[in-house]
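Trainee: Supplied in structure tokens, the structure appears directly below.
The values are calculated or read from the model by the stated rules, or taken from the named source; none is laboratory data. All values reported here derive from a predicted model rather than from experimental measurement. Here the Cβ positions follow ideal geometry from the backbone for every residue, glycine too, while neighbour counts run over all protein chains shown. The accessibility values were calculated without ligands, DNA or RNA, using every heavy atom of the protein model including side chains. Shrake-Rupley method; radii C 1.70, N 1.55, O 1.52, S 1.80 Å.
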Amino acid sequence: MSNRTLLRSGIIITAASTGESLEGADLLIEDGKIAAIGHDLSVADAEVIDVTGRIVLPGFVDTHRHTWQSVVRNVASDWSLTEYLAGLHTGLSQYFRPEDTYAGNYLGALEALDSGITTLVDWSHNLATPAHADAAVQALKDTGMRAVFAHGGGNKQWGAPLPSPNDHPAEDARRLRDTYFSDNTGLVTMALALRGPQFTQPEVNTRDFQLAADLDLRVTVHVGDGYWGKSGPIRKMHAEGLLSDRITYVHCCTLGDDELQMIADSGGTASVAPDVEMQMGHGYPATGRLLKHGIRPTFSIDVCSSNGGHMFGTMRTALGMQRALDNAPSVETGEVIERISLSCADVIQFATLDGAHAAGLDAVTGSLEVGKAADIVVLDDSPLGMIPMNNPFGAVVYNAHPGMVRDVFVAGKRVKKDGKLVGVDIPKLRALAQASRDHIVGEMPGAELGGNWHPELG
Ligand SMILES: [Zn+2]
């Protein structure tokens, strides 16, 4: 059988350079990689998929999602940060058994894949026991997607008192590194999701970062969220010599300009989670401020027990918010703005190539370029919102949604075909997710479904 697939005559957004799209172009997949892109490729012995008129783009990269929360999706949709911390972070989270972690991760990662996210940084911070961590990793592996398992500890690390006197669970991190990620290559790789200077005692933070260095792992850390984020977390890290180009800083909303400059100077990356940042009082999404300091933003879903899990909505929220911020001064002064600066093509690049860079995977994925892995999304062209096709970038950001993701390839393997995930038993997945949800919600006193539950605050 041929190991070549030819996507024939698509509208290809490469995302490798902003604003570039190729009309009526072919893309050849061979041995899991992109072998050629061009017009009228003549290829023998390939499975040909006609994608005439359809947008073909790189798979999206979600740089931070608490995937385990997928089974309790939307319970937090109307919650403040305080309610989230009480109801979920230290509430529902404690009733997760390993099988619930599996269910949450499997469901959430497949949801991401189904919506065109081919690379997911799973920010896994409800790992009560090693069995929970094993379940989280197994679920990611079972989806067939590209993922970074960011090991983040559990209640002992994230529960009161904060800032925490408890170290990151080093022993289990070491075990996971040895057991599953000894060479840290392949579809699922490992990073450390650390609490950072805002949520740990200074000496704990130092030891946690030392652990990442010892295990030779990348780090992702929340900083600059809300009032807490104004405590100078990056200045503290800078003073200790902890900043590096292997760290992704999540949120960054309330960091000082000097701190953003320190991140830029150290080559660090940033993840913007606009839906959660605006809902939970983290401050304005930092998209524009990051750009001003030369840091390419990336996007993340974050709290998937609150907001939806796809990149189309996230791009739209981030772009709309930044445009409102950019336009706001002229509303006061009457100054005429001739051109808005941030484009749809820009945010597509944030959601793909820049995300891959933050995940440490930009040599592998994030753009459609010869030699890179064939992580590819094909959008349906039949919805009325795609007719007529005048601007593929505008169409992706403003008109597309997960229901229009027709085909998804990960490392050349077609994991979604003609609108359906391949090899996923949806009724079984639904039963698995509902059983976990019933257990978790049933165990917590006062917890209710239906949208009207507001957790009691301690
Ligand atoms: Zn987060």
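Trainee: Does A318 meet the test of being of a type in the set (G, A, S) and within 16 Å of the ligand (Cβ to nearest atom)?
Mentor: Considered against the rule, which asks whether it is of a type in the set (G, A, S) and within 16 Å of the ligand (Cβ to nearest atom), A318 comes out as yes.
Trainee: Check S164 against each of (1) under 19 Å from the mean Cα position of the chain (by Cα); (2) open to solvent by less than 10 Å² (accessible area, probe 1.4 Å); (3) among the hydroxyl-bearing types (S, T, Y) and name the one condition it does not meet.
Mentor: Going through (1) under 19 Å from the mean Cα position of the chain (by Cα); (2) open to solvent by less than 10 Å² (accessible area, probe 1.4 Å); (3) among the hydroxyl-bearing types (S, T, Y) one by one, S164 breaks only (1).
Trainee: Further, regarding this structure: Could you tell me which residue of region 118-131 is surrounded by the fewest Cβ atoms within 10 Å (Cβ to Cβ), considering only residues that are of a type outside the set (D, E) and within 16 Å of the ligand (Cβ to nearest atom)?
Mentor: H125
Trainee: Give region 159-182 a look and list any residue that's closer than 25 Å to L85 by Cα, at pLDDT 95 or above and not hydroxyl-bearing (S, T, Y), or say none.
Mentor: P163, P165, N166, D167, H168, P169, A170, D172, A173
Trainee: To continue, here is another question. Could you please give the count of residues in region 249-288 that are more than 16 Å from the ligand (Cβ to nearest atom) and either out of contact with any Pro (no Cβ under 8 Å at 6 or more places or on another chain) or farther than 13 Å from M321 by Cβ (or both)?
Mentor: The number of residues fulfilling the criteria is 15.
Trainee: I'd like to verify a number: residues in region 260-311 that are within 17 Å of N74 (Cα to Cα), of a type in the set (A, V, I, L, M, F, W, C) and without any contact (Cβ under 8 Å) to a residue 40 or more places away in the chain, how many?
Mentor: 1
Trainee: Something else now. Looking only at helices (runs of 4 or more DSSP H) that lie completely in region 343-446, which have at least 1 residues being open to solvent by 60 Å² or more (accessible area, probe 1.4 Å)?
Mentor: 355-358, 426-443
Trainee: Something else: With respect to D326, is the statement that it is within 16 Å of the ligand (Cβ to nearest atom), touching a residue at least 12 places away in the same chain (Cβ under 8 Å), closer than 23 Å to A264 by Cβ and not small (G, A, S) true? Walk me through it before giving the result.
Mentor: Working: within 16 Å of the ligand (Cβ to nearest atom): no; touching a residue at least 12 places away in the same chain (Cβ under 8 Å): yes; closer than 23 Å to A264 by Cβ: yes; not small (G, A, S): yes.
Here the answer is no, as D326 does not meet what is asked.
Trainee: Quickly run through region 286-309 and pick out the residues that are over 12 Å from G268 (Cα atoms) and open to solvent by 10 Å² or more (accessible area, probe 1.4 Å).
Mentor: Result: G288, R289, L291, K292, N307, G308.
Trainee: Kindly establish whether S93 is of a type in the set (S, T, N, Q), under 26 Å from S115 (Cβ atoms) and open to solvent by less than 10 Å² (accessible area, probe 1.4 Å). Full working, then the answer.
Mentor: Numbers: of a type in the set (S, T, N, Q): yes; under 26 Å from S115 (Cβ atoms): yes; open to solvent by less than 10 Å² (accessible area, probe 1.4 Å): yes.
The answer is yes for S93.
Trainee: Continuing with this model, one more query. Restricted to region 242-279, and to residues that are hydrophobic (A, V, I, L, M, F, W, C) and closer than 20 Å to T317 by Cα, which residue is most open to solvent (accessible area, probe 1.4 Å)?
Mentor: If we take residues in region 242-279 being hydrophobic (A, V, I, L, M, F, W, C) and closer than 20 Å to T317 by Cα, then M278 is most open to solvent (accessible area, probe 1.4 Å).
Trainee: Additional query: In this structure, is A193 within 30 Å of T143 (Cα to Cα), outside any loop (DSSP other than H, G, I, E, B) and touching a Gly at 6+ places or on another chain (Cβ under 6 Å)?
Mentor: The answer is yes for A193.
Trainee: Residue by residue through region 180-238, note down the ones that are more than 20 Å from G159 (Cα to Cα), among the polar types (S, T, N, Q) and under 18 Å from the mean Cα position of the chain (by Cα).
Mentor: T189 - this is the single residue of region 180-238 that is more than 20 Å from G159 (Cα to Cα), among the polar types (S, T, N, Q) and under 18 Å from the mean Cα position of the chain (by Cα).
Trainee: Follow-up question, since we're still on this one. Condition (residue is over 27 Å from G104 (Cβ atoms), assigned to a helix (DSSP H, G or I), modelled with pLDDT of 95 or more and within 16 Å of the ligand (Cβ to nearest atom)) applied to region 289-298: is it met by at least one residue?
Mentor: no
Trainee: Now for a separate question. Would you be able to tell me the number of residues in region 41-76 that are away from the ligand (no atom under 16 Å from the Cβ) and not aliphatic (A, V, I, L, M)?
Mentor: Total satisfying the criteria: 11.
Trainee: Another question, then. Would you point out the residue of region 1-53, among those that are hydroxyl-bearing (S, T, Y) and crowded, with 18+ Cβ neighbours inside 10 Å, that is farthest from D362 (Cα to Cα)? Walk me through how you get there before you give the answer.
Mentor: The initial filter retains those residues of region 1-53 that are hydroxyl-bearing (S, T, Y), namely 2, 5, 9, 14, 17-18, 21, 42, 52.
Within this subset, residues satisfying the condition of being crowded, with 18+ Cβ neighbours inside 10 Å are 5, 9, 14, 21.
Values: T5: 23, S9: 26, T14: 13, S21: 19 Å.
Among those residues, the one meeting the criterion is S9.
Trainee: Please verify whether region 309-330 includes one or more residues that are under 14 Å from the mean Cα position of the chain (by Cα), in a loop (DSSP other than H, G, I, E, B) and modelled with pLDDT under 95.
Mentor: yes
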